[in-house]
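The values are calculated or read from the model by the stated rules, or taken from the named source; none is laboratory data. Worth saying up front: this structure is predicted, and the values here are computed from it rather than measured. Using ideal geometry, Cβ is built from the backbone for each residue, glycine included, and neighbour counts are taken over all protein chains shown. Accessible surface areas use protein heavy atoms only, side chains included; no ligands, DNA or RNA. Shrake-Rupley method; radii C 1.70, N 1.55, O 1.52, S 1.80 Å.
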Amino acid sequence: MAKACFTFILLLAAFGPAAPAAQAADARVVHERILTLDTHMDTPMNFARPGWDMMDEHSVQSDLSQIDYPRMVKGGLDGGFFAIFTPQGPRTLEGFAVARDAALKRAAEIRDMVARHPNVFELAYRADDAERIANSGKRIVFESIENSYPLGTDITLLKRFYDLGVRMVGPVHFTNNDFADSATDPKGPEWHGLSPLGRQLVAEANRLGIILDASHASDDTFDQMLALSRTPIVLSHSSARAVFNHPRNIDDARMAKLAAAGGVIQINSYSDYLIDTPDNPERAQAMRALGRKYGQFRNLTGEKLKAYMAERQEIEARYPVPRASIDDLMAHLLHAIRLVGVDHVGIGLDWDGGGGVTGMEDVAAIPEITKRLLAAGYNEQDLAKIWGGNILRVMRIVEAKASRP
Ligand SMILES: [Zn+2]
């Protein structure tokens, strides 16, 4: 069956284009057959929402969420890296303690989500787990850390998170911290790359067998991570600076260096990094007022959530801002593939963390990427690398080079 479909696709390639409907159907077949992983999902932020269940189908319109189990099935996403994201707070012992406890709780929430739904989710600890879990009909849950701020200055905590399942770590987020400079701190560089503690973090991640993630890192931090790491590193959710010049994106020379070292760039769908979206002070002010009125939206339920969403949509309609489209996303993805090849590009769409473009609002719509890559001339083997093979290749190297006793 699978072989027949593949032959059919080869025939299509040989004898010219099929009708669009037939192409879409073939894309879906390919999409279902390959292993699909997303390397940056902020979905765990929803796990503690009152009344929110991963097994219910939600919508962006009703609660802003972009991933749940029914939509993963609709979108044919086998799994990926569920982030333990901690916003940057005060760089004090008190701040570190609060962040550490919040991150440990988030790790527990990811594990609890899987424990509650053992028939459809399974935690993955090694690259080999991914295929086994997918073949058993379940979704793959890797854990990652976005922002190492919760480690404070205590590098031993990385082992604690490793034991909880973390297999990818990024040192920094929007602003500089005790590990590294961020790509987006308005104050500019503090360490000119990694701090001495950040260098220890790289060594400890190598020792334990944790993939190093340079998304959000400054250019200097990226360069030093790449130079210091004994293994390839990744950008779990970043795009191309040559397509849109933003500090969160990476330039062509660095992308080439990343690839030469065996690493992967996983393309992001965060609109502000894909196209120019000028600040809209009125909109920002209205959104801040909305936040003051309702508090954190993830704490809202029932009528209050409905009222919040209605007011939010009214603000968005009153103060529209440019939003990237799936065409813009594809421009970044295709640029990266043309520059460094299908072995060094993947997918990390930043769902539930600001990702989503017009034409692909949530995880249910990701087969569109497969359809467009096939239309651009890439084959099933290429797609299998981009959608999961590349990140698993990096993970296998990281596992093999770990020196954990
Ligand atoms: Zn991020």
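See the values below:
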quantity: Selected residue (criterion: surrounded by the most Cβ atoms within 10 Å (Cβ to Cβ)) from residues of segment 51-74 that are in contact with a Phe, Trp or Tyr (Cβ under 8 Å, 6 or more places away or on another chain) and hydrophobic (A, V, I, L, M, F, W, C); calculated: I67
quantity: Enumeration of residues in segment 157-166 that are surrounded by fewer than 24 Cβ atoms within 10 Å (Cβ to Cβ) and outside any helix (DSSP H, G or I); calculated: L164, G165
quantity: Search result, residues across segment 359-378 that are small (G, A, S) and either open to solvent by less than 20 Å² (accessible area, probe 1.4 Å) or touching a strand residue (DSSP E or B) at 6+ places or on another chain (Cβ under 7 Å) (or both); calculated: G359
quantity: Scan of segment 35-50 for residues that are part of a loop (DSSP other than H, G, I, E, B), open to solvent by less than 10 Å² (accessible area, probe 1.4 Å) and away from the ligand (no atom under 16 Å from the Cβ), ordered by number; calculated: T36
quantity: Test set (1) within 16 Å of the ligand (Cβ to nearest atom); (2) in a loop (DSSP other than H, G, I, E, B); (3) aromatic (F, W, Y) - F82 fails condition number; calculated: (2)
quantity: Some residue of segment 51-65 being closer than 18 Å to G348 by Cα, within 16 Å of the ligand (Cβ to nearest atom), of a type in the set (S, T, N, Q) and at pLDDT 95 or above; calculated: no
